[in-house]
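Colleague: Okay, handing you the structure first.
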């Protein structure tokens, strides 16, 4: 569905959200969340048997999935970069996990799953929007989402300003193809540079009609920011949430800019509702804002049957 015509879409969406909120208030309750799962949570399972993995996800109560690249159409540079890290992560499957696009679409339909968002690299967004859009439309995705900024895009405050310009250009091209571009924040960008918060600079310099955001609760908290306050400060920008929880509240040992700092915090990641983050408060504010997608991501979780079921059970009761 083409939702890149922002003006007409936003008017309709605001009207629908207002009607939903009014109806929910009268009924004294809200409809259950439609929850999703980022596929990086279970890459080894999907690599072994993608179709069985889709059935597993649906069986836990999830109704959406979010894919991650590289894909067969990704740039050679991004495919080569992934090949370099396979020995570290212990699996090779990404994108379509060796299946054809038609097979992936059939598996989603078979399990009544939708795929509203596709994570993909910056070069593919810049250089392969045509093939990416073709795939997104086939899968039914609305958002093409950048999961992180390459290090070279975020060394200085001026880098972040240039990144905002790049995001606007990608967003315009995505819109031309009937899609929305979103940026998924990692943990960097929340520490002051030259008296300013880099990610707030990005938010201020990007066109809200072209650039949307997916908030990762875990990395936002680790970077020292408050998810609820961000949702209040930018009520129209965040369209998706990545949901995961912290066993105890922890911040990065530095600015959150490097893998070593990320890895230090992996042991504190836990199931949604099993930690100290105010998931109820965050989700309540997100619902008031009209956030569209609530996606669980517990990176390469050790016991998916138990952990992902707990997260689903918790969220479906909110």
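What follows is calculated from the coordinates using simple rules that are stated; it is not laboratory data. Quick caveat, the model's predicted, so the values are computed rather than measured. Counting neighbours? That spans all protein chains shown, and the Cβs are built from the backbone with ideal geometry, glycine included.
Colleague: Could you work out how much longer the chain between residue 88 and residue 169 gets when fully extended? Use 0.36 nm per residue separation minus the Cα distance between them, nm to one decimal.
Modeller: 25.8 nm
Colleague: Hey, can you rank 309-316, 49-56, 81-88, 189-196 by average C-beta count inside 10 Å, highest first?
Modeller: Taking the mean over residues of other Cβ atoms within 10 Å, the ranking is 309-316, 49-56, 189-196, 81-88.
Colleague: Can you bin the chain into rounded, prolate or oblate? Criterion: square roots of the alpha carbon gyration tensor eigenvalues sorted a ≥ b ≥ c, rounded for a/c under 1.5, prolate for a/b above b/c, oblate for the rest.
Modeller: Because its axes are fairly even, with a/c under 1.5, the chain counts as rounded.
Colleague: Measuring from label point to label point, each 7 Å out along Cα→Cβ, what is the residue 176 to residue 47 span in nm?
Modeller: 3.7
Colleague: Please state the relative contact order of the chain as a whole percent: Cα pairs under 8 Å, 6+ residues apart?
Modeller: Computed over the chain, the figure is 20 percent.
Colleague: With the Cα gyration tensor of the range 209-318 giving a ≥ b ≥ c as the square roots of its eigenvalues, does the rule (a/c under 1.5 for rounded; else a/b larger than b/c for prolate; else oblate) give rounded, prolate or oblate?
Modeller: The shape class here is oblate.
Colleague: Need one number: % antiparallel among DSSP beta bridges in the chain, to the nearest 5.
Modeller: 10
Colleague: Once fully extended, how much extra length lies between residue 102 and residue 80, figured as 0.36 nm per residue of separation less the alpha-carbon to alpha-carbon distance?
Modeller: 5.5 nm
Colleague: I would also like to ask the following. By its C-alpha gyration tensor, with a ≥ b ≥ c as the square roots of the eigenvalues, how is the range 92-248 shaped: rounded for a/c under 1.5, else prolate for a/b larger than b/c, else oblate?
Modeller: Here the range 92-248 falls in the prolate category.
Colleague: I need the calculated FRET efficiency for the pair residue 268 and residue 228, taking r as the beta carbon distance and R₀ as 22 Å, to the nearest 0.05. Don't jump to the answer; show the numbers that get you there.
Modeller: Values: r = 20 Å, r/R0 = 0.90.
Working from the Cβ atoms, E equals 0.65.
Colleague: For a Förster distance of 41 Å, can you work out the FRET efficiency between the beta-carbons of residue 30 and residue 156, rounded to the nearest 0.05?
Modeller: On the way: r = 43 Å, r/R0 = 1.05.
It comes out at approximately 0.40.
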